[in-house]
Ligand code: PMP
């Protein structure tokens, strides 16, 4: 009753199934990483001086910015650190997108963008992808807009727009080009748009430690852009937006690049295996460049994606289904450990 009218109309965010910490389930519904974070994270937690918690954290997460700058070959002034990339998304709206401005996004895309646009009274223009979910950059450019938001690899499709197309978009577009690379570490080859920030003052690349670094729980996102864009984000953030524990853990995880590489390799192999298994059961499952697979159950098996999701949940295996325009009868399955994927496959075989 006290909310602003446009907030009153918003549907609340409903997270997928969240088990209690001690509940043994196979959770493949939120694109989390099934492996623990680097052992260096455990060490950092064990040696953390808890008495420091009486102080505020470093306001700009300075040491983590430096770590990110050295790993990704940019200047610390070109790095922003946030409380999850979800916070960075909100800040992009706060800093760059006035009320009544227009953003263009391919559809389907990460659903938070629509919610963030509504909260900030920005108009989202969705441009449908092709039937096989390919993004058409001409169609994105054809709509007059203040910003284009591209999730790459896309969620929930798992498909990658080649970096050459992203570069072409950067060359031809004059508005703000936001590239959400939450899943980029799972893509094959040199797929990132990160080098574009050096030539294009309108490009911002956002990332997260949630997926490839197995750190959903600490809430740490980061962004790369030219120093001027980063400064605007800094002006709009909360004073101490990244907690001290989060900064400590993020720095420890970032320093262990070999663990990251090994985990990604393992997940990519499991992804290939799972896609093969799904296809062997008649599912249509396009190649994915993320840590999840979007697939369609075969009509011949007689169950919808929703029914399969419910039957799996009865066996404590959680996946997500979609049944919306362009995403009719789809299952999105996060890549689990080898054992988890095998259990899923054995259950799907019986359905
Ligand atoms: N972008 C995309 C495309 C995502 O799928 C997610 C996770 N659901 C996020 C951003 C947010 O990630 P986080 O806030 O955990 O960094």
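The values are calculated or read from the model by the stated rules, or taken from the named source; none is laboratory data. The structure displayed is predicted, hence computed values, not measured ones. For neighbour counting, all protein chains shown are included, and Cβ atoms are generated from backbone atoms with ideal geometry for every residue, glycine included.
Of note:
- The criterion of being within 16 Å of the ligand (Cβ to nearest atom) and outside the structural domain of residue 270 (by the TED database) does not hold for residue 44.
The rows are residues; the columns are (1) without any contact (Cβ under 8 Å) to a residue 60 or more places away in the chain; (2) more than 11 Å from the ligand (Cβ to nearest atom).
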residue	(1), (2)
84	no, no
93	yes, yes
121	no, yes
142	yes, yes
161	yes, yes
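- Scan of the stretch 200-223 for residues that are closer than 19 Å to residue 34 by Cα and part of a loop (DSSP other than H, G, I, E, B), ordered by number: 209, 210, 211, 212, 213, 214, 215, 219, 220
- Checking each residue in the stretch 46-69 for being part of a helix (DSSP H, G or I) and over 25 Å from the mean Cα position of the chain (by Cα) picks out 46, 50, 51, 52, 53, 54.
Matching residues to (1) closer than 26 Å to residue 290 by Cβ; (2) touching a helix residue (DSSP H, G or I) at 6+ places or on another chain (Cβ under 8 Å); (3) at pLDDT 95 or above:
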| site | (1), (2), (3) |
| --- | --- |
| 88 | yes, yes, yes |
| 100 | no, no, yes |
| 103 | yes, yes, yes |
| 110 | yes, no, yes |
| 120 | no, yes, yes |
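- In this structure, residue 282 does not satisfy being more than 20 Å from residue 157 (Cα to Cα) and either out of contact with any helix residue (DSSP H, G or I) (no Cβ under 7 Å at 6 or more places or on another chain) or modelled with pLDDT of 95 or more (or both).
- Qualifying residue in the stretch 24-31 (condition: under 30 Å from residue 338 (Cβ atoms), not assigned by the TED database to the domain that holds residue 149 and not in a loop (DSSP other than H, G, I, E, B)): yes
- When residue 285 is tested against (1) surrounded by 15 or more Cβ atoms within 10 Å (Cβ to Cβ); (2) within 14 Å of residue 186 (Cβ to Cβ), only condition (2) is not met.
Here is a yes/no grid of residues against (1) at pLDDT below 95; (2) within 19 Å of residue 188 (Cβ to Cβ); (3) within 16 Å of the ligand (Cβ to nearest atom); (4) in a loop (DSSP other than H, G, I, E, B):
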| residue | (1), (2), (3), (4) |
| --- | --- |
| 234 | no, no, no, no |
| 250 | no, no, yes, no |
| 261 | no, yes, no, no |
| 267 | no, yes, yes, no |
| 273 | no, yes, no, no |
